[in-house]
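The values are calculated or read from the model by the stated rules, or taken from the named source; none is laboratory data. Note that the structure is predicted; figures quoted are calculated from it, not measured. Cβ: placed from backbone, ideal geometry, glycine included. Neighbour counts: every protein chain shown. For accessibility, only protein heavy atoms count, side chains too; no ligands or nucleic acids. Shrake-Rupley method; radii C 1.70, N 1.55, O 1.52, S 1.80 Å.
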Amino acid sequence: LLLLPTARSRCAILTLAGETETPPDEAAEALAAGYLKAVAGGDAAQLFRWCAQNENLDSPAMAAFLEGLRGRLADLLCGRQKLRGLTRADAMRLVELADRCTRYLKVNTNVKQLFGLLAVSALPAEEQKQGNHN
C-alpha cells in the first residue's frame, strides 16, 4: 500500500503458507459449467440468452462465478477435464476474458455489463458472424 501505483502495477501477489484455500462455491461452479457449455455450443444466441438469464447476480456472486470459471478453465488446460468443444486457444482466451472481467468488477463495473462482455467476447469472431447469418 505504501508503493507508488507504477511500482504496484509491476508486482505480483504471491500467496504463501498461512492462508487456507476456500472451498469452491457450488453455485458458482454450476454457473461456470453452464457458461462453458454455452460457449462450447458455439451458438451466439444461446450464449446471449444464458448471460441474460444470469445477469442479476450481485458483485460477490459474480466474483465467485469468475473464480469458478478460472478454476474450470485451469482444469481444462491442465488436462484434469476434457475440453468438450473448446480448444486450448479458446480456453486461454476465456481465461483472459475472466481476468478482464475481474479487473472491471474491482472498479465497480455493473454485473450486467460484465455479462454483456462475457456474451459478446466469448466466441471467436468467425463463429459470431456465422451465428448472425443463421
Determine whether G79 is open to solvent by less than 60 Å² (accessible area, probe 1.4 Å), modelled with pLDDT under 95 and either part of a loop (DSSP other than H, G, I, E, B) or in contact with a Gly (Cβ under 9 Å, 6 or more places away or on another chain) (or both).
-> yes
Selection from segment 1-25 of residues modelled with pLDDT of 75 or more, surrounded by 10 or more Cβ atoms within 10 Å (Cβ to Cβ) and within 24 Å of A64 (Cα to Cα) yields D25
How about segment 26-46: which of its residues are farther than 12 Å from E67 by Cα and acidic (D, E)?
-> D43
Report yes if L86 is surrounded by 15 or more Cβ atoms within 10 Å (Cβ to Cβ) and under 30 Å from S9 (Cβ atoms), otherwise no.
-> no
With respect to N132, is the statement that it is in a loop (DSSP other than H, G, I, E, B) and either at pLDDT below 95 or among the small types (G, A, S) (or both) true?
-> no
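Would you mention how many residues in segment 82-105 are in a helix (DSSP H, G or I) and not hydrophobic (A, V, I, L, M, F, W, C)?
The qualifying residues number 9.
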Picking from A63, A28, A74, A52, the residue that is part of a helix (DSSP H, G or I), loosely packed, with under 14 Cβ neighbours inside 10 Å and touching a residue at least 40 places away in the same chain (Cβ under 8 Å) would be A52
